[in-house]
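The values are calculated or read from the model by the stated rules, or taken from the named source; none is laboratory data. What you are looking at is a predicted structure, and each value in this text was computed from that prediction instead of being measured. Glycine also receives a Cβ, built like all others from the backbone with ideal geometry; neighbour counts cover every protein chain displayed.
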Amino acid sequence: MEGHGVMEADRPRDDLAPRTGLAAELAALDEVVGFDPGRALLTAQQLQARAEALGDHDATVSALLWQAEGHQRNGDPARSASIVNHVRDDLTPLNPEHMVRAAWLMSRVHTDLGDRPTALEMVMDAVTAFTDDVPRRLRTRVLIKVGDLLDELGAHEDSLIWYGRAEEMAAGDGRMHMLVVNNRAYGALEAGAAEEALAQARLLMALSTRYQRPLNADALDTVARIHLLRRDPEAAVLTARQAVDAAQQMETKVADALPEYLLTLATAQRELGSTEVAAATLERARSLCGEDFAHTKARILEEEAEVQAALGDYKAAFETHKAFHAAVQKQLSQQREAQARARQTIYETITAREEAARYREEARRDPLTGLRNRLFVEERLPGLLEDWRPGAGVLSVALLDLDHFKSVNDTFSHEVGDEVLRIVARLLEAAAQMPGPGSFAARLGGEELLLILLTDDRESAHRVVDGLRTSVEQYAWTTITPGRIVTLSGGLACAVPGDTRSSLMARADSQLYAAKSAGRNRICTD
């Protein structure tokens with residue numbers, strides 16, 4: 001893979017086999033993370049260790065992103081965000097799949113935080129990173145997420161367009177096609193659009209037959225709730241029982257899934273008139289609902305109050321209703337704390353990234369003149385040479401030196417010398433802007449300066465550098481160095497095929513020496 005050692009075709013065969021197996025095991029987590037995020041998380045951690053032992057960068061990144069998804073689905077958005085930001089900041093370059101998955105995961109994190117506008121921005125970043133190399137299932141999930149967020153933000157018509165795109169992407173993949181329709185149905189359900197929701201439920205069942213794929217527990221629960229919306233509790237009870245049975249058969253490890261399905265069943269039983277049966281179902285749901293799932297527990301208490309009132313036990317209903325309100329307050333408090341922790345994690349990561357970027361920029365700037373420094377040149381010039389091709393303009397280097405600069409410091413003081421350097425730096429920056437994008441100026445140290453130019457031809461490069469020489473000579477130095485004109489000499493070298501940073505700089509240095517030997521205040525070109 002590019003940037004990470006030898007090409008795949010050059011690797012020994014005994015190295016390819018474990019990498020191929022590792023990639024397959026990572027891909028298989030797609031079938032696990034949705035219903036058992038804890039197991040997916042543990043497996044991804046083990047696969048990360050294997051990937052690191054093999055030196056497989058892409059596999060390491062994949063394993064970390066699966067861990068991020070496991071944490072997010074387990075209700076820990078802060079940990080998820082921390083891993084994604086670590087991947088983005090420290091493990092570049094990322095391939096298109098990783099860029100899409102990272103943006104999609106951050107969209108899910110911001111959804112958990114209740115910040116849907118930012119979540120939408122994040123998921124649109126994922127869309128813009130699409131390539132044919134990104135797995136269709138991942139692209140489908142991203143398009144579904146766009147549809148979900150638009151619907152939640154009130155742009156229902158726009159959401160249908162994106163769900164339509166997701167459905168086109170998912171065609172032929174039963175699992176993903178049914179997921180699209182399920183989410184579209186859920187959106188209609190939440191909006192109270194009974195007939196639209198019913199149409200989606202019927203399509204969902206038709207797809208189940210077409211793909212010979214039974215509806216999963218989540219889809220069955222959606223259909224059951226649609227029946228409740230349409231005031232058909234008998235159909236709701238039947239479908240909700242199927243959802244509960246499906247969840248038990250799959251041994252789902254999503255802790256609040258079965259209690260949620262039991263809650264739907266109990267609601268349907270109450271509306272059907274089976275109040276005592278509903279009470280027993282709710283008791284079971286509450287016993288399975290862990291402390292970490294305050295939202296589900298609160299909704300169970302709310303339904304229990306309804307059931308107790310229907311049974312005529314108004315005192316118990318009143319007490320349960322108070323417990324419901326207390327649970328809601330506790331849920332809101334826990335949610336605020338979790339959101340605060342996640343936002344703090346994201347803020348700290350962003351701040352650290354900004355500081356790192358600032359320090360990186362400062363480390364590549366000369367503090368006196370503000371010009372780029374030698375470190376920047378050593379990093380940037382090899383890349384320019386690699387990208388440059390004969391016939392695509394001229395890449396040239398001009399090494400420049402202020403003539404007799406030591407005498408300026410000795411005669412007028414080092415403070416005056418520093419001011420001279422700052423003035424020349426401004427003239428140098430102006431010269432670098434003349435050819436257009438890609439050119440830049442630098443200070444290598446002392447009075448040694450540099451221009452990297454991208455021009456149409458050699459003559460244009462020479463005109464820029466000689467124009468700089470003239471600007472320095474003609475500057476109004478009277479107020480800075482009375483009785484003394486500042487001049488510079490330069491050597492210009494134009495890149496040829498096979499040049500390296502060292503060879504190009506050496507030729508420019510040779511031309512600079514020639515300019516000084518010829519009397520200074522001139523530019524020599526190779």
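Things worth noting here:
- Of the helices (runs of 4 or more DSSP H) entirely within the range 173-234, those holding at least 3 residues that are more than 23 Å from Leu272 (Cα to Cα) and either out of contact with any helix residue (DSSP H, G or I) (no Cβ under 6 Å at 6 or more places or on another chain) or among the charged types (D, E, K, R) (or both) occupy 174-191, 194-210.
- The residue that is surrounded by the fewest Cβ atoms within 10 Å (Cβ to Cβ), among those in the range 192-225 that are touching a residue at least 24 places away in the same chain (Cβ under 8 Å) and charged (D, E, K, R), is Arg210.
- Where a residue in the range 402-430 is in contact (Cβ under 8 Å) with a residue 12 or more places away in the chain and more than 20 Å from Gly491 (Cβ to Cβ) and its partner, wherever it lies, is surrounded by fewer than 19 Cβ atoms within 10 Å (Cβ to Cβ) and of a type in the set (A, V, I, L, M), with Cβ under 9 Å and at least six apart: Val408/Val416; Phe412/Ile480; Val416/Ile480; Asp418/Leu368; Glu419/Ile480; Val420/Ile480; Arg422/Leu368; Ile423/Ile480
- Residue match in the range 245-264 (condition: of a type in the set (Ser, Thr, Tyr), crowded, with 20+ Cβ neighbours inside 10 Å and either part of a helix (DSSP H, G or I) or modelled with pLDDT under 95 (or both)): yes
- For Arg165, the conditions (1) crowded, with 20+ Cβ neighbours inside 10 Å; (2) not assigned by TED's automatic domain parsing to the domain that holds Ala279 are fulfilled apart from (1).
- Taking the range 380-401 as the range and being without any contact (Cβ under 8 Å) to a residue 24 or more places away in the chain and not in a helix (DSSP H, G or I) as the test, the residues that pass are Arg389, Gly391, Ala392.
- Within the range 367-379, the only residue that satisfies the criterion of being part of a loop (DSSP other than H, G, I, E, B), surrounded by 15 or more Cβ atoms within 10 Å (Cβ to Cβ) and of a type in the set (A, V, I, L, M, F, W, C) is Leu371.
- Members of the range 29-50 found to be buried (at least 19 other Cβ atoms within 10 Å of the Cβ), of a type outside the set (Gly, Ala, Ser) and within 13 Å of Asn74 (Cα to Cα), listed by number: Val33, Phe35, Asp36, Pro37, Leu41
- Some residue of the range 446-459 being more than 38 Å from the chain's Cα centre (by Cα), within 11 Å of Ala398 (Cβ to Cβ) and not acidic (Asp, Glu): yes
- The combined condition, being surrounded by fewer than 17 Cβ atoms within 10 Å (Cβ to Cβ), in contact with a helix residue (DSSP H, G or I) (Cβ under 9 Å, 6 or more places away or on another chain) and either farther than 25 Å from Ile226 by Cα or not assigned by TED's automatic domain parsing to the domain that holds Ala63 (or both), is fulfilled by Leu91.
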